[in-house]
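One structure is given below, encoded as structure tokens.
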Amino acid sequence: MKRQAVLIPQEEIDRQLAICDQIAAQNAASPAPKLAMVDTYGCQQNEADSEQIRGMLSRMGYAMTEDEAEADVIVINTCAIREHAEMRVLGNVGALSHTKRNKPEQIICLCGCAMQEPHMEEKIRRSYRYVDMVFGPHALYRFPELLQSVLQTRRRVFATPDVDGYIAEGLPVQRQGRLKAWVSIMYGCNNFCTYCVVPHVRGRERSRAPELILQEVRELAEQGYKDITLLGQNVNSYGKDLGLDMNFAGLLRACNAIPGDFQIRFMTSHPRDASQELFETMAACEKVAPQLHLPFQSGSSRVLKAMNRHYDRETYLDEVRRLRELIPDIVLTSDVIVGFPGETQAEFEETLSLIQEVRFDALFTFVFSPRKGTPAAEMDDPMPREQKSANFQRLLEVQNAISAEKHAAYVGQTLQVLVDGVNIQDKHHNLTARTDGGRLVHLNGPEELIGTRQQVNIVRSSTWALFGELANS
Ligand code: SAH
Ligand code: SF4
Ligand code: F3S
């Protein structure tokens with residue numbers, strides 16, 4: 001892909017912003033304030049996209065609401081990663097037929113990954129006729145124009161071009177948090193893991209210019225953000241398309257050099273591209289949090305090959321060893337798929353043994369879900385569902401025991417945490433916090449501490465969390 005073809009020209013962005021301002025002028029003339037609701041499913045990439053959608057809506061003069069009954073515009077940002085995610089989209093959209101009946105002028109928009117799937121778009125087109133707008137990830141920057149078209153004509157619009165994807169800089173952003181922020185550093189994916197829908201719906205890998213990423217991080221640090229997560233489907237291949245002397249490790253070093261009291265995290269790292277340079281950079285950069293999410297997917301080299309992951313069991317274990325040599329206290333999390341087509345019982349046991357060998361701090365576990373258009377959906381899948389479920393349960397038990405043991409080992413330690421929120425459900429532990437490695441800590445203290453770093457004595461633990469007391473109280 002040519003760089004010029006990837007970047008949306010500034011004039012086009014300006015045109016979209018001018019449309020925002022036109023809509024804002026119309027909305028300002030309305031007697032009651034106009035309201036919008038944005039509902040987000042899926043991963044952090046979708047969260048980041050929704051922050052741009054809110055940014056655009058806000059520039060159009062909409063205030064945000066959580067109540068679909070009163071919203072003038074509803075946007076549902078969908079996910080397609082597993083069948084369950086897709087079913088949830090349809091369930092949610094189905095429920096909106098009632099709100100629209102009570103408020104017929106309401107505009108219902110669906111966007112995100114599931115809308116980029118032809119069969120889902122078709123389903124909405126035919127069976128959910130009260131949906132006014134459908135757009136995929138590639139048309140996000142055109143949201144103002146699409147909304148104006150619906151407002152003016154009341155005709156349905158569909159914008160799901162089958163393209164390699166763009167980079168749209170300069171769209172407004174309305175961030176959800178004051179402490180934690182997402183920064184997309186690249187979009188799309190070139191890996192085509194055989195089970196995965198992401199490359200089909202989010203297009204090819206394209207990296208944002210380093211100076212724009214660094215400027216965004218600098219602004220966030222100046223605004224007092226304490227925790228900045230760099231986002232991409234495979235951050236380790238950042239920069240390969242830029243033709244500059246800048247890779248992901250270089251970007252981390254440049255972020256680390258930005259002054260301020262903040263930590264840098266990133267996701268997701270593909271083990272194929274996780275280099276020794278990356279590990280050394282993580283170890284050397286004090287602002288880079290001691291945490292790595294490194295999805296392994298399977299402990300069987302044969303299954304990894306069938307998944308098109310381009311690494312094997314030994315390479316993965318070796319990476320973990322080298323990483324822990326450099327950063328012994330690294331918090332390591334991962335993703336795993338149980339029941340990939342053709343996975344044998346012996347191969348599942350290899351996954352279990354890898355988990356026992358690595359001892360992850362936490363694991364995101366999934367049962368294989370066939371996705372239309374992916375090679376794995378066509379593969380023979382002889383293992384019965386019940387067997388997959390039983391394996392999944394066993395894996396959860398093994399991991400939960402490991403997570404509980406790892407958490408128990410924190411008891412008695414004094415750790416630095418970032419106090420990040422309130423927990424209204426637990427009056428004995430009214431605050432939540434995160435360790436540098438990202439583990440959840442419950443503690444008791446004044447709400448003014450939110451946004452500060454504190455030393456905490458860990459006194460108790462569970463499978464999911466740590467419980468602490470402020471060290472200086
Ligand atoms: N880009 C990230 C993954 C994004 S999807 C990476 O490569 O690490 C998040 C996780 O969902 C994946 O790591 C995988 O474990 C899981 N997943 C993706 N497709 C799936 C499918 N078809 N069935 C079950 N789990 C899936
Ligand atoms: Fe999907 Fe693989 Fe790309 Fe991750 S690296 S988004 S699992 S295709
Ligand atoms: Fe889902 Fe799209 Fe993310 S499919 S997991 S929202 S990239």
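The values are calculated or read from the model by the stated rules, or taken from the named source; none is laboratory data. What you see is a predicted model, and the numbers here were worked out from it, not measured in a lab. Because the Cβ atoms are built from the backbone with ideal geometry, glycine has one as well, and the counts that use them run over all protein chains shown. Keep in mind that these areas ignore ligands, DNA and RNA; they rest on the heavy atoms of the full protein, side chains included. Shrake-Rupley method; radii C 1.70, N 1.55, O 1.52, S 1.80 Å.
Within region 121-128, is there a residue that is farther than 20 Å from residue 19 by Cβ, touching a Gly at 6+ places or on another chain (Cβ under 9 Å) and buried (at least 20 other Cβ atoms within 10 Å of the Cβ)? No, the conditions are met nowhere in region 121-128. The residue that is nearest to ligand 3 (Cβ to nearest atom), counting only those in region 203-238 that are open to solvent by less than 20 Å² (accessible area, probe 1.4 Å), outside any helix (DSSP H, G or I) and closer than 14 Å to residue 259 by Cβ, is 228. Looking across region 178-202 at every residue that is near ligand 2 (Cβ under 9 Å from one of its atoms) and among the aromatic types (Phe, Trp, Tyr), the one that is surrounded by the most Cβ atoms within 10 Å (Cβ to Cβ) is identified as 195. Scanning region 240-252 for residues that are closer than 17 Å to residue 276 by Cβ and either open to solvent by 10 Å² or more (accessible area, probe 1.4 Å) or not hydrophobic (A, V, I, L, M, F, W, C) (or both) yields a count of 2.
On the given criteria, is residue 117 closer than 19 Å to residue 203 by Cβ and either at pLDDT 95 or above or among the hydrophobic types (A, V, I, L, M, F, W, C) (or both)? It is true that residue 117 is closer than 19 Å to residue 203 by Cβ and either at pLDDT 95 or above or among the hydrophobic types (A, V, I, L, M, F, W, C) (or both). Candidates are the residues of region 46-72 that are away from ligand 2 (no atom under 16 Å from the Cβ) and of a type in the set (S, T, N, Q); the one that is surrounded by the most Cβ atoms within 10 Å (Cβ to Cβ) is 50.
Residues in region 9-45 that are surrounded by 11 or more Cβ atoms within 10 Å (Cβ to Cβ), more than 16 Å from ligand 3 (Cβ to nearest atom) and of a type in the set (S, T, N, Q): 16, 22, 26, 27.
Pairs meeting the criteria (first residue in region 145-170 and over 25 Å from residue 241 (Cβ atoms) and small (Gly, Ala, Ser), second residue surrounded by 14 or more Cβ atoms within 10 Å (Cβ to Cβ) and modelled with pLDDT of 95 or more, beta carbons under 6 Å, at least 6 apart or on different chains) are 149/157.
Only helices (runs of 4 or more DSSP H) whose full extent lies in region 253-340 are considered here, and none of them has at least 2 residues that are in contact (Cβ under 8 Å) with a residue 60 or more places away in the chain and either within 16 Å of ligand 3 (Cβ to nearest atom) or crowded, with 22+ Cβ neighbours inside 10 Å (or both). What's the number of the condition residue 90 fails, among (1) out of contact with any strand residue (DSSP E or B) (no Cβ under 7 Å at 6 or more places or on another chain); (2) open to solvent by 40 Å² or more (accessible area, probe 1.4 Å)? Result: residue 90 passes all but (2). Among the numbered conditions (1) without any contact (Cβ under 8 Å) to a residue 40 or more places away in the chain; (2) touching a strand residue (DSSP E or B) at 6+ places or on another chain (Cβ under 9 Å); (3) within 30 Å of residue 342 (Cα to Cα), the only one that residue 433 does not meet is (3). Checked against the criterion of being part of a helix (DSSP H, G or I) and under 20 Å from residue 46 (Cα atoms), the candidates 139, 95 yield just one match: 139. Figure legend. Inter-residue proximity from region 353-370: first residues part of a helix (DSSP H, G or I), second residues of a type in the set (Phe, Trp, Tyr), beta-carbon distance below 7 Å, spacing 6+ or different chains. Indicated pairs: 354/296.
Looking across 356, 399, 291, one residue alone is among the polar types (S, T, N, Q) and farther than 28 Å from residue 231 by Cα. It is 356. Annotation note: of 153, 160, the sole residue that is surrounded by fewer than 19 Cβ atoms within 10 Å (Cβ to Cβ) and either among the β-branched types (Val, Ile, Thr) or away from ligand 3 (no atom under 16 Å from the Cβ) (or both) is 153.
If you go through region 58-86 and keep only what is free of Cβ contacts under 8 Å to residues at least 60 places away in the same chain, within 16 Å of ligand 1 (Cβ to nearest atom) and part of a loop (DSSP other than H, G, I, E, B), you end up with just 79. Is it the case that residue 375 is surrounded by 14 or more Cβ atoms within 10 Å (Cβ to Cβ) and within 25 Å of the chain's Cα centre (by Cα)? Yes.
In region 220-232 there is at least one residue matching the filter, namely being hydroxyl-bearing (Ser, Thr, Tyr) and either away from ligand 1 (no atom under 16 Å from the Cβ) or without any contact (Cβ under 8 Å) to a residue 12 or more places away in the chain (or both).
Residues of region 93-116 being of a type outside the set (A, V, I, L, M, F, W, C), buried (at least 17 other Cβ atoms within 10 Å of the Cβ) and over 28 Å from residue 196 (Cβ atoms), which ones? Listed by number, the residues that qualify are 99, 100, 106.
Table: residues versus (1) under 20 Å from residue 204 (Cα atoms); (2) in contact (Cβ under 8 Å) with a residue 40 or more places away in the chain.
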position: 14; (1), (2): no, no
position: 19; (1), (2): no, yes
position: 24; (1), (2): no, no
position: 41; (1), (2): no, yes
position: 44; (1), (2): yes, yes
position: 54; (1), (2): no, yes
